[in-house]
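The values are calculated or read from the model by the stated rules, or taken from the named source; none is laboratory data. Small disclaimer: the values here were computed from a predicted structure and weren't measured. For neighbour counting, all protein chains shown are included, and Cβ atoms are generated from backbone atoms with ideal geometry for every residue, glycine included.
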Amino acid sequence: MEVVIVDHPEQVMADIIADAVTGGASTIGLATGSSPLGTYTELIRRHNEDGLSFVGVNAVLLDEYVGLPTTHPESYARFIRDNFTDHIDIGDVHSPDGMAPDSKAAAQAYDHLIGTVGPVDVQILGIGSNGHIGFNEPSSSLTSRTRIKTLTKKTREDNARFFDSFDEVPRHVITQGLGTICDAKRLALVATGEGKAAAIAAAVEGPLSASCPASILQWHPHATVVVDHAAASQLKDADYYKYVYENKP
Ligand code: F6R
């Protein structure tokens, strides 16, 4: 695992995606939430000003709330359109069907679809303050596939800032499983701020454990964690990671 500690994580993340796209990537995996917003803004800028093109590239989302129509401002299908994909020349953008009458079947269908349009060349990830990736909450099977999950109270509290009230935050989601996420050829996780420091330390330097689902990145052959100094503040080996990055062969 590569750990990159920089002032501007969005620049490193945008470089990773831009390199993948210009290098022939056909499928990219997108996360929602606030963490990748700077990356999306920078990629839109490069599209508008530097000619970065996403023609021939399709995208898959990590997750979706159950019960929110794709027109709802907080549905992840809508979020990604508003904040990224409507502003670039990307192809199809797939997401789980949170409104399907049979969520279990919709989750299985989405897992199958990812297998069809994939493998994902590079998957962008954020991390929850409890160590979740996608919406794989602590105790998620390390080999899980796309399925319905029940959000923890902490995740609903964290996400309540996007809704008018805590009660409006859905209780259930469809999320790619940890096994599904790890099918991607490359994982790139971005985190900023003190509030993510404990989760990043657990993911990078703690044991590989379902208690911290993001620790599955330790198992992946090509995972990069890109953090600012605040999110890196609990990493014991931060000096080593900086030394490695500065002396990259
Ligand atoms: C959302 C997702 C989640 C978020 C995580 C962090 O698609 O995959 O794992 O990345 O909840 O959310 P923010 O970035 O809002 O702190």
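Tabulated results
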| item | result |
| --- | --- |
| Spans of strands (runs of 3 or more DSSP E) in region 133-249 with at least 1 residues surrounded by 14 or more Cβ atoms within 10 Å (Cβ to Cβ) and either at positive phi or touching a Phe, Trp or Tyr at 6+ places or on another chain (Cβ under 6 Å) (or both) | 147-150, 172-175 |
| Scan of region 113-139 for residues that are of a type in the set (A, V, I, L, M, F, W, C) and within 14 Å of the ligand (Cβ to nearest atom), ordered by number | VAL120, ILE124, LEU125, ILE127, ILE133, PHE135 |
| From GLU42, GLU64, residue being touching a residue at least 24 places away in the same chain (Cβ under 8 Å), more than 11 Å from the chain's Cα centre (by Cα) and crowded, with 23+ Cβ neighbours inside 10 Å | GLU64 |
| Residues being free of Cβ contacts under 8 Å to residues at least 60 places away in the same chain and buried (at least 19 other Cβ atoms within 10 Å of the Cβ) - total across region 3-31 | 2 |
| Residue check for PRO96: of a type outside the set (A, V, I, L, M, F, W, C), more than 30 Å from VAL227 (Cβ to Cβ) and either within 15 Å of the ligand (Cβ to nearest atom) or surrounded by fewer than 21 Cβ atoms within 10 Å (Cβ to Cβ) (or both) | no |
| Residues being more than 12 Å from the ligand (Cβ to nearest atom), in contact (Cβ under 8 Å) with a residue 40 or more places away in the chain and more than 13 Å from GLY134 (Cα to Cα) - total across region 146-168 | 1 |
| Residue match in region 149-166 (condition: modelled with pLDDT of 95 or more, under 24 Å from THR224 (Cβ atoms) and of a type outside the set (A, V, I, L, M, F, W, C)) | no |
| Residue under evaluation TYR110, criteria (1) outside any loop (DSSP other than H, G, I, E, B); (2) in contact with a Leu (Cβ under 6 Å, 6 or more places away or on another chain); (3) away from the ligand (no atom under 13 Å from the Cβ), criterion not met | (2) |
| Only listed residue being touching a helix residue (DSSP H, G or I) at 6+ places or on another chain (Cβ under 7 Å), within 23 Å of VAL169 (Cβ to Cβ) and of a type in the set (Val, Ile, Thr), chosen from THR32, THR27, THR39 | THR32 |
| Search result, residues across region 56-91 that are in contact with a strand residue (DSSP E or B) (Cβ under 9 Å, 6 or more places away or on another chain) and hydroxyl-bearing (Ser, Thr, Tyr) | TYR65, THR70, SER75, TYR76, THR85 |
